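Just so you know, all these numbers are worked out from the coordinates, no wet-lab data involved. Note that the coordinates shown come from a computational prediction; the quantities given were computed from them, not determined experimentally. Don't worry about glycine lacking a Cβ; one is built from the backbone with ideal geometry, like all the others, and counts go over all protein chains shown.
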Ligand SMILES: Cc1cc2nc3c(=O)[nH]c(=O)nc-3n(C[C@H](O)[C@H](O)[C@H](O)COP(=O)(O)OP(=O)(O)OC[C@H]3O[C@@H](n4cnc5c(N)ncnc54)[C@H](O)[C@@H]3O)c2cc1C
């Protein structure tokens, strides 16, 4: 998201491109999971699947996927599906969906981070190709997960950037002109249309992408878990990997309830998001764990819902405070039971060794309440039922990170979706890392394999 990007602009000043020499074999910290993993207390946690038991023996496997978010579930599913003879396991520290995948703002957006937010980004010569790939992946994710019998609640009626800052009108119109020239279906909505669709009376215009929308993140995790298990992936939850030792066969020390076991894996896939920098010492020179928060209101009454005039469950985010010191962008969706899920407003780099949020959630909730009242004055003061924190994986290189590394080229990784597009791109990058594993090509590998 553009505003999020500008908020994080300072990160660019210390831009450091890293290479594989920054990958260490073992963590140098003492095992203490309580410093890194908190419980998922988000509104979505009620929709997560029941956790599987932790590991209780030493194991030998072909592929061990570390992390049970969208990336890990997708990578394991795609690898096992294309190699049914291989033994593929997922090792998840808490429960699948305990990280960002089970806590996010529920917006489903096209594009990768670098090309997202309705700007022609660093890879602009591939802007349309990346758009098409991410849109196709979003549709495939919907179809695949719905085929499990668990409905993840996709509503793909489009997504918008709502413009409140007049400085952004011309550049947004220019973007839409460029996108149209490339054959993309992006529209510019003048003030009247923007207000009639999104309802917020202060809008000056909007950029609309018909490809995008929302999902129930917890149910999406549940459907992806079922998909992976149905093809034979074995998932161990409450199982923390604590570093790894390189080799033709990689050794993983793992813990369940403080009992230590050892996994010997011919290959590993690091799908541990920003946690990877702390719990595996992986890409720690590039990864910057960032805290951001989301809140869920109580359900709006029918009258309140009608009063705000937000149509078609279009997901959207604003630009009001883009580039200012005081705030970042706010993003929102409205659920089928009429709750507004609104997040953003604060993105803070994690300065500690651990990963728990040191800030004041109550203060964040007050900021969100204030902004919600500005956006929809007719429901000012609506009760927020829950506000929660989560960790996004920013990278100093401002790029997604996907590739294979290690002396034996058996350490695969996919992470670093930065702010904004991760719901869709994490599933896609899970698939792309499986292509890399299979020795196949993929358009995105030519851009992001780093
Ligand atoms: C608050 C918030 C709001 C967001 N809103 C949106 C949004 O609206 N739209 C959007 O597109 N994106 C959004 N994102 C980003 C998106 O959710 C993420 O990019 C995406 O979920 C990343 O998936 P992942 O599987 O890579 O990581 P995660 O879901 O974080 O999964 C990583 C998993 O690895 C596990 N793990 C870590 N270390 C170890 C270890 N050593 N051993 C075992 N397991 C380990 C963790 O417990 C975790 O479950 C948001 C993120 C946050 C935090």
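The angle between the Cα long axis of helix 127-146 and the main principal axis of the chain comes to about 70°, on a 0 to 90 degree scale. At q = 0.12 Å⁻¹ the log10 of I(q)/I(0) for region 252-317 amounts to -0.64, computed by Debye summation with a single uniform scatterer per C-alpha, solvent ignored. With respect to the chain, whose longest principal axis is taken over its alpha-carbon atoms, helix 422-437 is tilted by about 30°. Once both axes come from the Cα atoms, what is the angle between helix 361-375 and the longest principal axis of the chain, in degrees from 0 to 90, rounded to 10? Tilt relative to the chain: about 40 degrees.
Using only alpha carbon positions, build the gyration tensor of region 262-362, then give the equivalent ellipsoid semi-axes as the square roots of 5 times its eigenvalues, largest first, whole angstrom. It would help to have the intermediate numbers written out before the result.
On the way: eigenvalues 251, 71, 32 Å².
They are 35, 19, 13 Å, listed largest first.
When ranked by the protection proxy of mean other Cβ atoms within 10 Å per residue, highest first, what sequence do the peptides 35-46, 415-426 form?
Going from most to least packed, we get 415-426, 35-46.
Along each principal axis, taking the top coordinate minus the bottom one, the Cα set of region 35-163 gives 53, 35, 34 Å in descending order.
Sort 242-248, 437-443 by packing, meaning the average of other beta carbons within 10 Å per residue, with the highest value first.
Working: 242-248: 16.9, 437-443: 13.4.
The most tightly packed comes first, giving 242-248, 437-443.
So what is Rg over Rh here for region 2-448, counting just Cα atoms and using Kirkwood for Rh? Taking Rg over the Kirkwood Rh, I get 0.96. Look at where the Cα atoms of region 414-434 and of region 123-158 average out, and the two centres are 12 Å apart. Could you work out which residue, out of 200, 315, 171, moves most in a Gaussian network model of the chain, that is, has the largest mean-square fluctuation with Cα springs under 10 Å? Taking springs between Cα atoms under 10 Å, the residue moving most is 171. On the basis of the beta-carbon distance and an R0 of 41 Å, residue 362 and residue 441 show a calculated FRET efficiency of 0.25. Extents of region 325-390, taken as max minus min of Cα coordinates on every principal axis and listed largest first, are 42, 27, 17 Å. Remark: 160, 393 ranked as 160, 393, counting other beta-carbon atoms within 10 Å and listing the fewest first. Taking every alpha-carbon pair under 8 Å whose residues sit at least 6 apart, the chain reaches a relative contact order of 26 percent. Where both bridge residues fall in the chain, DSSP classifies roughly 70% of the beta bridges as antiparallel.
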